[in-house]
Structure formats: structure tokens, C-alpha cells
Amino acid sequence: MKSFDYVIKDELGIHARPAGILVKKLAAVKSSVTIAVKAKDKSADAKRLMAVMKMAVKQGDTVTVTVEGEDEDAAVAEIEQFFKENF
Amino acid sequence: MIKGNGRPVYEGVAIGRIYVLSKEHEITNTKCSDIEKELERFHQAQEKAKEELGVLYDKTLREIGEEQAAIIEVQSLFLEDLDYIEGIEDMIKSGSDAAFSVHEIGDAQATAFASLDDEYMKARATDIRDISDRLIRILTGADQSFRMDEPGIIVSEDLTPSETVSLDKDKILAFVIRQGSSNSHTAILARVMNIPSLIRTDIDIDSALNGRTMIVDGFEGNYYIDPDDETMAQMLEKKKSAGEYKAELEKFRGFESVTKKGQHVSLFANIGSPDDLKYVISGDAEGIGLLRSEFLYLGRDDFPTEDELFEAYRKVVETMGGKKVVIRTLDIGADKKVDYFNLAAEENPALGYRGIRICLTQRDIFRTQLRAIYRSSAYGKVAIMFPMIISVSEVRAIKEFCAEIVKELEGEGVCLNPVELGIMIETPAAALISDLLAKEVDFFSVGTNDLTQYTLAIDRQNEKLDSFYDPHHEAIMRFLALIASNAHKEGIWAGICGELAGDLSLTDEFLKMGYDELSVAPSRVLALRKNVIESEV
């Protein structure tokens with residue numbers, strides 16, 4: 001299991017378009033990916049767009065992304081990169 | 001040949017092909033017997049929706065802009081969302097039909113988004129409803145979005161205001177509907193558009209009618225489907241003489257509406273949106289006596305912005321080029337409901353929370369509208385009129401609020417012209433105290449439709465009451481005389497903007513009462529002018 005924490009910088013939080021791109025990207029990942037905002041006690045399967053959006057993650061929230069499965073090493077690096085570029 | 005009849009709402013003869021406008025299917029929980037097939041149907045609908053959104057995305061990006069296009073893109077993403085899709089599939093697997101499953105899951109997801117404490121996410125509820133509606137349309141076959149390739153006759157159960165918004169009005173030769181009343185939306189539209197139409201017909205609506213030839217005789221109230229040669233010949237003849245009557249009316253174009261003895265009356269037009277301006281011009285109206293505001297609020301998901309309202313009003317005011325435009329503030333409620341107003345269902349909407357009552361309670365709605373109207377005053381001659389008034393105190397509250405808005409706009413440096421403030425007299429209460437109300441306002445406009453409905457206690461939508469309904473009832477005539485006389489005692493002008501104003505058998509009566517203005521369907525102006533000019537009053 002691999003994970004990383006990330007503080008959301010985008011002023012709109014995790015909004016629809018980048019979330020949609022993320023979900024599409026994750027479709028190719030075999031591992032399970034969970035996204036959580038521990039401070040708000042919320043988590044969702046990161047491959048499910050509406051579930052991710054319903055968390056209503058805002059600017060300044062710290063999210064914890066957890067990846068678990070056979071391709072977790074490669075996947076976690078890629079996802080972290082994506083967060084840095086998009087959120 | 002099939003012959004049938006209905007009640008004519010506008011005279012004339014139309015001949016053309018039938019276009020059946022079918023209602024959206026009601027979504028009910030019907031069980032499906034072949035689950036595999038139903039899943040397949042759903043997946044096909046999903047593919048089709050995806051294609052449609054792709055096309056819509058390109059079009060939106062090209063014609064409107066990136067921001068709107070991004071919304072379409074989000075919808076495409078939702079259409080592939082696992083929770084959404086799996087939820088629907090699970091319901092289908094449990095035996096529900098696809099349309100119902102989409103409806104239920106879409107509703108649940110939209111509700112979840114709407115309840116989030118985040119404005120951006122809340123707004124996504126609309127996107128979910130939109131894609132669900134799209135899928136349902138495709139699944140129920142209501143999808144063939146209605147299009148007319150050539151001019152034709154619309155055959156339908158009834159038409160709602162939001163349905164007519166999307167019709168290509170240039171191609172409609174006539175309406176033939178099964179329901180409606182002479183004051184219903186379709187009837188009003190037919191009169192504005194100047195097309196022969198029948199309501200409450202005995203027609204069997206079936207999509208097999210599509211493309212067949214129909215004749216509508218708006219004089220007699222008859223229709224003929226697949227007419228024989230003899231009928232066709234007769235009707236062509238009738239159409240020709242109707243054309244001649246119209247040509248005769250043309251002689252009155254451009255003249256002032258003055259009686260032989262020199263009494264002047266302004267003949268204005270009632271319209272429902274800037275789209276109707278062309279009829280105002282072709283009808284030769286001398287101004288606009290009633291510009292309804294409802295069109296700005298119908299057929300959308302959220303309140304219009306001040307700028308949207310302003311642009312619509314400005315267009316009308318500017319096009320009229322200095323001729324008077326009387327704008328009626330929002331008259332929603334009762335039979336014209338709009339979802340996003342979240343109005344509670346009422347036992348008796350005609351006597352309920354509607355018109356000015358909404359505006360005086362929800363001041364933010366009123367403020368936006370008044371600001372837009374006042375801003376449009378800079379482009380011509382604007383008057384504002386308020387519906388559903390019953391008391392002097394309401395009028396004072398409105399005037400105070402208007403003064404506040406004027407001050408606010410002047411403070412912002414917005415250029416304004418003087419604006420007349422008037423009221424609709426459409427409740428018996430207002431008619432009876434019109435002496436008191438006349439001291440408060442610049443003009444009266446009598447809304448005879450509602451005034452008659454309230455005075456006679458007859459619901460205008462209830463067909464069973466038609467035999468009791470007398471538009472010339474003595475009570476109404478006395479009210480009309482009283483209102484005009486009270487207006488003139490205070491030196492203000494009085495007009496009539498209900499359907500009665502266009503009743504040619506009453507023109508002399510109205511002239512005797514001294515009405516200064518009659519506002520009618522644009523197509524009625526020339527006939528009315530002929531009456532005025534030839535009047536002996």
C-alpha cells in the first residue's frame with residue numbers, strides 16, 4: 001500500500017473537469033485508489049467521479065490518496081504528479 | 001376524408017401537412033420482461049447520448065464559448081460515471097425498465113449534489129438532471145426532437161408555454177389541439193401569430209397522422225384530414241376570400257385611429273416576447289400595451305440575470321422606437337408555474353401566491369426585474385404595470401420600492417427616462433376601489449380575462465363552465481364603465497388589455513365609456529382600427 005498527502009491549491013477545489021480527467025486516467029490503473037479528506041472524515045473511490053465530487057474538496061483541504069494493488073508503485077507516482085499539475 | 005370539429009380561436013383557412021407534437025411520456029415503474037434486452041437498450045441510449053453531447057460540445061464551443069462548453073464536457077463525464085451507470089444497471093437487473101431506472105438514479109444523484117454545502121457542486125445537480133432527461137428522451141422515443149421541415153399544421157394534446165418557445169413559429173400554419181380554452185396559451189399564441197386554430201377538437205391524436213394533408217377552417221371550426229377534391233376546392237375558395245378581407249383591412253394601415261367625431265383611441269398590441277415584435281410591425285400597432293414578462297422566466301432552470309432581462313426589454317423598447325411600451329412585471333403562479341421558484345402546490349392557485357404577491361414578498365426577484373426595466377427606459381418610452389393589485393397599500397409599497405430603485409440607479413450614474421407607473425385592474429376589489437387607486441398611479445389597464453374569471457367566479461380553464469361563461473356579462477360592463485370614469489376623474493388614462501378589447505362587437509361601447517387605449521393581439525389591430533374609423537360614436 002502506498003499513499004501521499006497533498007494540500008489542494010486550486011481555488012475551485014477538486015472540480016469537475018480535472019476530476020473527470022483523473023477518473024479517466026485511473027481507469028487504466030489496476031490498483032484500487034482511495035481519496036480521503038481525513039479532517040472531514042470523508043473518503044471515496046477515486047475511480048468514481050460523482051463520489052469524488054460529492055466530497056466537495058475545497059482549496060486548502062489536505063487530501064490523502066491511497067493506492068493498493070499490483071501496480072501501486074508506478075501508479076502512486078503518476079497520481080501524485082497529476083495532483084501537483086492539476087489541483 | 002376525415003371531418004371533425006373544435007372551437008375556433010382565430011379565423012382564417014389553413015391548408016398544409018400535419019405535424020403531430022406528442023407529449024413526453026410519463027415515466028412509470030413498468031417492469032421489463034427481458035432484462036438483457038433492456039440493458040442493451042440502455043447502453044445504446046448511453047452511446048447515443050454521448051454522440052449528442054459531442055455534437056453539442058462542438059456547437060457550443062463554436063457559438064457560445066469555452067465556459068458553456070466545459071459544462072457540456074462535465075455532462076459527458078457524468079455519463080460515464082460508475083456510480084451512475086452501475087446504479088442504473090442494477091435497477092434494470094432487478095426488473096425495472098430503463099427509463100424509470102435512469103429517472104430514479106438520476107434523481108437520487110442530483111438530490112445528493114443539490115444538498116452539498118458548496119455552490120459549485122450544487123449547480124452540478126442540474127447537469128445530472130440534464131443528462132438523465134436526455135437519456136430518458138432517447139429511451140422513450142420522445143427523442144425525435146421536434147422539427148418542421150416545411151410549413152405545416154401542429155396537432156397536439158395541448159401546448160405549454162415552454163413547449164412553444166422551441167417551435168419554429170415561421171413554419172406553423174395552424175394549431176389543432178384537443179384541450180385548451182379560448183384563453184389558454186395556445187389560443188393566445190394563435191391570435192398573436194395570426195393563424196387559424198382550433199381548440200377542444202375531437203381529433204384522435206396518432207403519430208400516423210404525420211405528413212397527411214389537413215384543412216383547418218377557422219371560421220366554422222372544422223378540420224378535414226385527407227380532404228376530397230370537392231372540399232379542397234371549396235376551402236381554397238374560402239381561403240381566397242379570407243385573403244380578400246385581409247387585403248381590405250390593409251387600407252387602414254398607417255392611419256390614425258380616430259372616430260368620425262374625432263375621438264382618438266390608441267390601438268396597442270399584446271405580446272409575449274421580443275420574437276413577437278415582427279407581428280407588431282406587420283399588424284401596424286401603435287405601441288405595446290402589454291409586454292408579458294413570463295417568457296423571460298419560462299423554459300429555464302434558474303432565475304434570469306438583470307442583464308438578460310435588460311437585454312430582452314431593451315430590444316423591445318428600442319425596436320418600438322419611441323412608441324410606448326407597457327411592461328407588465330412578472331405574473332407567475334397559478335397556471336404558469338416555474339420549477340425553480342419552488343412554489344408550494346396550492347389548493348387554489350388562481351387565488352393564491354402569484355403575480356405581485358410574489359414580487360412584494362420576494363423582493364430580490366422584484367428588484368432585479370425593476371432594475372432591468374428602468375435601465376431599458378433609456379432606449380425609448382417605457383411604462384410599467386403591476387398585476388393582481390387589490391389594495392392602495394400594495395400600490396404605495398410598489399411606488400416606494402420603485403423610487404428606491406430609481407435612486408439606486410441614478411446613484412450608479414445610469415441614464416433613465418421618466419417611466420409611467422400603472423396597474424392592472426383585474427380583481428373585483430381593484431375595480432370597486434378604482435377611485436382610490438386612480439389617485440396613486442399614472443394609468444389603468446383592465447385585464448378582462450382575470451377580471452371576468454374573478455367576478456363571475458368561473459375558472460377559465462374549466463370547459464364544463466363554458467355555458468355559464470358570458471364575457472359580456474352586465475357586471476363586467478358596469479365595472480368597465482366605472483373604471484374608465486374613475487380614471488378620468490383623476491386625469492389618468494385607461495386602457496383594456498384583455499381579450500375583450502379585441503371584441504369588435506364592443507368597440508362602440510368602449511368608445512362611449514371613453515377608453516383611451518385598447519391593447520389586442522397584433523393581428524387584431526387593423527380590424528379594430530377599421531371599426532374605430534367607421535364608428536358613429
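What follows draws every value from the coordinates through simple rules; no lab data is involved. Just so you know, these numbers come straight off a predicted model, no measurement behind them. In this analysis, Cβ positions are derived from the backbone assuming ideal geometry, glycine residues included, and neighbour counts consider all displayed protein chains.
Expected output is a single nm value to one decimal: the length gained when fully extending between B:Ala70 and B:Ser207, i.e. 0.36 nm times separation in residues minus the C-alpha distance. What is it? All intermediate terms of the calculation are to be shown ahead of the outcome.
Details: separation 137, 0.36 × 137 = 49.32 nm, distance 3.72 nm.
Between B:Ala70 and B:Ser207, full extension yields an extra 45.6 nm.
The mean sequence separation of alpha-carbon pairs under 8 Å and at least six residues apart, normalised by the residue count of region A:2-86, gives a relative contact order of 43 percent.
Separation of region B:187-261 and region B:344-390, taken as the distance between their Cα centroids, equals 36 angstrom.
Residues whose amide H lies under 5 Å from that of B:Ile288, counting only those 5 or more places away or on a different chain, are B:Ala269, B:Lys324, B:Val325, B:Val326; hydrogens are built 1.01 Å from N in the peptide plane. Residues whose amide H lies under 5 Å from that of A:Asp61, counting only those 5 or more places away or on a different chain, are A:Ile8; hydrogens are built 1.01 Å from N in the peptide plane.
Here r is the Cβ-Cβ distance between B:Glu248 and B:Arg396 and R0 is 51 Å; the resulting FRET efficiency, rounded to 0.05, is 0.55.
Starting from the Cα of B:Glu80, move 7 Å in the Cα-to-Cβ direction to define the label point; list residues of region A:26-59 whose amide nitrogen is under 15 Å from there. So the set is A:26-29, A:47-50. Across region A:49-87, the residues whose backbone nitrogen lies under 18 Å from the label position 7 Å along the beta-carbon direction of A:Glu11 are A:57-61, A:86-87. Using the rule -39500 (n - 2.57) for each DSSP H run of four or more residues, divided by the residues of chain B, the 222 nm mean residue ellipticity is -14000 deg cm²/dmol. Based on alpha carbons, the Rg and Dmax found for region B:259-534 are 18.0, 56 Å.
Treating r as the C-beta distance of B:Glu311 and B:Ser94 and R0 as 35 Å, the FRET efficiency rounds to 0.10.
I need the shape label for region B:382-461. Rule: rounded when a/c is under 1.5, else prolate if a/b > b/c, else oblate, with a, b, c from the alpha carbon gyration tensor.
Values: a/c = 2.89, a/b = 2.28, b/c = 1.27.
Verdict is prolate for region B:382-461.
Each label was represented as a point 7 Å from its Cα along the Cα-to-Cβ direction; for B:Glu347 and B:Phe219 these points are 5.0 nm apart. Using the Karplus relation 6.51 cos²θ - 1.76 cosθ + 1.60 with θ = phi - 60°, the per-residue 3J(HN,Hα) values for region B:220-228 come to 9, x, 9, 10, 10, 9, 6, x, 7 Hz, with x marking Gly and Pro.
Geometric descriptor of region B:69-221, per residue, is 168 Å³ (volume of the convex hull of the Cα atoms). What is the angle, in °, between the Cα long axis of helix B:82-93 and the longest principal axis of the Cα atoms in chain B? Nearest 10 is fine, range 0 to 90. Tilt of helix B:82-93: around 80 degrees.
The simple spin-label model puts a point 7 Å past each Cα toward its Cβ; for A:Lys25 and B:Asp275 those points are separated by 4.5 nm.
Can you classify chain B as rounded, prolate or oblate using the Cα gyration tensor, where a ≥ b ≥ c are the square roots of its eigenvalues, rounded means a/c under 1.5, and otherwise it's prolate if a/b beats b/c and oblate if not? Verdict is oblate for chain B. Electrostatic bookkeeping for B:Ala208 treats Lys and Arg as +1 and Asp and Glu as -1; over the other residues with beta carbon under 15 Å from its beta carbon, the sum is -1. With R₀ set to 51 Å, the beta-carbon distance separating A:Ala77 from B:Asp301 gives a calculated FRET efficiency near 0.75. Helix B:363-376 and the longest principal axis of the C-alpha atoms of chain B enclose an angle of approximately 60°.
Give the shape of region B:35-140 as rounded, prolate or oblate, defined through the alpha-carbon gyration tensor: a ≥ b ≥ c are the square roots of its eigenvalues, a/c under 1.5 means rounded, and otherwise the shape is prolate if a/b is larger than b/c and oblate if not. It comes out oblate by the Cα gyration axes. The slack in the chain from B:Gln362 to B:Asp226, taken as 0.36 nm per residue of separation less the alpha-carbon distance, amounts to 43.7 nm.
Computed with the Debye formula from one identical point scatterer per Cα of the protein assembly as shown, without solvent, the log10 of I(q)/I(0) at q = 0.07, 0.10, 0.12 Å⁻¹ comes to -0.57, -1.01, -1.27.
Residue-wise HN-Hα couplings along region B:379-391, as the Karplus relation 6.51 cos²θ - 1.76 cosθ + 1.60 with θ = phi - 60° gives them from phi, are 9, x, 10, 10, 10, 10, 10, 10, x, 6, 6, 10, 9 Hz; Gly and Pro carry x.
Tell me, in nm to one decimal, what length is gained between B:Asp133 and B:Lys169 on full extension, where the rule is 0.36 nm per residue of separation less the Cα-Cα distance? List each step's numbers first, then the result.
Values: separation 36, 0.36 × 36 = 12.96 nm, distance 2.47 nm.
Extra length from B:Asp133 to B:Lys169 when fully extended: 10.5 nm.
Phi-derived couplings, Karplus 6.51 cos²θ - 1.76 cosθ + 1.60 at θ = phi - 60°, listed residue by residue for region B:12-20: x, 10, 10, 10, x, 7, 7, 10, 8 Hz, with x used for Gly and Pro.
Ranked by Cβ crowding within 10 angstrom, fewest neighbours first, how are B:Glu104, B:Glu426 ordered?
Details: B:Glu104 17, B:Glu426 27.
Fewest-to-most Cβ neighbours within 10 Å comes out as B:Glu104, B:Glu426.
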